[in-house]
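K.L.:
My questions all concern the structure below.
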Amino acid sequence: MDIDQLKQHNGRHLWHPMAHPQAIRDTPPDIIARGEGSWVWDIDGHKMLDGVGGLWSANLGHSNRAVRDAIVAQMDTLPFYNAFRGTTHVKAIELSTRLVEMMQPEGVQAVVFSNGGSDAVEGALKIARQFHKLRGQKDRSKFISLRQGYHGVHFGGMSVNGNSNFRRAYEPLLPGCFHVDTPWLYRNPFTDDPERLSEICAELLEREIVFQGPDTVAAFIAEPVQGAGGVIVPPASYWPRVREICDRHGVLLIADEVVTGFGRTGELFGTRLWGVNADIWCLAKGISSGYVPLGATAIGAKVADAFLSDTSGLGAVSHGYTYSAHPVAAAAALATFDELVRLDVVGNAARVGARLQERLRRLPQRCAFVGDVRGIGLMIGIEMVTDQASRAPMPRTSDIPARVARAAYRRGLMVRISGPNLILSPPLTISAEEIDFLCEVLEASFDEVGASL
Ligand SMILES: Cc1ncc(COP(=O)(O)O)c(C=O)c1O
């Protein structure tokens, strides 16, 4: 197809995730044609810094040569074989070994592979229920999660999601899923004090567990830093408190690290930010730098031991996909892990992330419709409001966020809008100069829209 044909067909036949098919016809999406390092080009050759990082995923930037070479070499050797009972392949063995080594500080003992984040969550929820059955606590089937949380789109993940936008059209969902308040400093009915908020939200979790009956609750699932919900960073004491509460009531703690895993926050894993270990981790996106779909559910010692000591047969992993541990994805992940070390990707994310956070946090002084700028490392959320003083939320119907995004696009920066939030998650290999460019463009874009109001 030539460029004109591509533009004509754009939005006609493809129903895009999280979009109304008619809205896509009315406002066709941008067509991205090429990527190199931190940059992407659209079909007209317009060059932009990729502030979205693919979708929190192109952690090594685009077109990393080492990952590409590993993928090609694997295609030449063994493009596919399954890892169901009875067979395996070299890359599956190497990747599981590497991942377990990498997660030694987490006490991870085993990993179940899948095709992406939603799969990783589904695996985690199922394994949590199975764990309790193996230990004779078959009533522990419920899940508790946080409002504003995002855990993908399968029925399990959707049921623990904390945003009704992703739920309404598909209800009724999985029974036995309950939500408690997120420790969200900017918007909560309780307090402006982070420590007090941490206490209150932890107590709300405990009260919910007690109310449900602890012996009916399988797991609490949360993101170490909420991503899609608007980049909400909890107070430092929240996760340690959650860990204590889960332990007190025999509830498993599942860390959904689909976004935070592999360096996004400036730590290799988000739970390291809080000095806490989960029992199960959900991983995807950055695991393969997003080049090939891959998900993983990493299993800590307590859960692994229950499976390994099972003699009833119930401990079989009756879960998995044709493409679990796909050799090409595994090769991409192994090369990604090498590059994480070679390029000091996590250190870079911490360093340039601090630069990004420091500069963009000044935006509310510059722009009257920016209410809050929050984040950590290379994930940042800019929440737009109609009034800074009262924090009045920007209505979903407002076109202001989209106008800021268009102004940035024109100036050479790709950003993502989610409701009233502008979300940034650039490649973790982004340089300090590129961060400065990103900030300049964003400031100019907010200035431009601000001047037009
Ligand atoms: C925290 C979290 N969990 C799960 C998912 C679902 O991942 P996927 O879109 O790969 O299915 C996402 C996707 O953004 C996510 O942010």
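K.L.:
Please determine, by comparing only the residues of region 265-296 that are among the charged types (D, E, K, R) and not in a loop (DSSP other than H, G, I, E, B), which one is farthest from the ligand (Cβ to nearest atom). Full working, then the answer.
P.N.:
As a first pass, look at region 265-296 and keep what is among the charged types (D, E, K, R): 267, 272, 279, 285.
Now narrow it down to the ones that are not in a loop (DSSP other than H, G, I, E, B): 272, 285.
Working: R272: 16, K285: 6 Å.
Filtering region 265-296 for residues that are among the charged types (D, E, K, R) and not in a loop (DSSP other than H, G, I, E, B), the one farthest from the ligand (Cβ to nearest atom) comes out as R272.
K.L.:
Let me ask something else about it. Quick check on this structure: which one of R342, R366, R362 is surrounded by fewer than 16 Cβ atoms within 10 Å (Cβ to Cβ), within 17 Å of L378 (Cα to Cα) and either away from the ligand (no atom under 16 Å from the Cβ) or not charged (D, E, K, R) (or both)?
P.N.:
After applying the criteria, what remains is R362.
K.L.:
Starting from residues that are part of a loop (DSSP other than H, G, I, E, B) and under 26 Å from S63 (Cβ atoms), keep the ones in region 1-17 and report whichever is nearest to the ligand (Cβ to nearest atom).
P.N.:
P17
K.L.:
Would you mind stating whether F262 is within 16 Å of the ligand (Cβ to nearest atom), over 12 Å from the mean Cα position of the chain (by Cα) and not in a helix (DSSP H, G or I)?
P.N.:
no
K.L.:
Across region 147-157, what is the number of residues that are buried (at least 22 other Cβ atoms within 10 Å of the Cβ) and more than 8 Å from the ligand (Cβ to nearest atom)? Explain how you work it out, then say what you get.
P.N.:
Step one: of region 147-157, the residues buried (at least 22 other Cβ atoms within 10 Å of the Cβ) are 149-152, 156-157.
In the following step, the residues that additionally are more than 8 Å from the ligand (Cβ to nearest atom) were identified as 156.
Going through region 147-157 one residue at a time, the tally reaches 1.
K.L.:
Shifting gears a bit: Which ones in region 389-415 are in a strand (DSSP E or B) and surrounded by 16 or more Cβ atoms within 10 Å (Cβ to Cβ)?
P.N.:
Residues satisfying the conditions are P393, L413, M414.
K.L.:
Is there a residue in region 34-52 that is of a type outside the set (G, A, S) and closer than 30 Å to H319 by Cβ?
P.N.:
The answer is no, given that none of the residues of region 34-52 is of a type outside the set (G, A, S) and closer than 30 Å to H319 by Cβ.
K.L.:
If you check every pair at least six apart or on different chains, which have Cβ atoms under 8 Å apart with a residue in region 164-188 that is on the phi < 0 side of the Ramachandran plot first and a residue that is among the charged types (D, E, K, R) and modelled with pLDDT under 95 second?
P.N.:
Final answer for the pair search is L173/R167.
K.L.:
Checking L174 against (1) within 16 Å of the ligand (Cβ to nearest atom); (2) surrounded by fewer than 21 Cβ atoms within 10 Å (Cβ to Cβ); (3) farther than 25 Å from A298 by Cα, which single condition isn't satisfied?
P.N.:
(3)
The values are calculated or read from the model by the stated rules, or taken from the named source; none is laboratory data. Just so it is clear, the structure is predicted and the values come from calculations on it, not from any experiment. All Cβ positions, glycine included, derive from the backbone under ideal geometry; neighbour counts span all protein chains shown.
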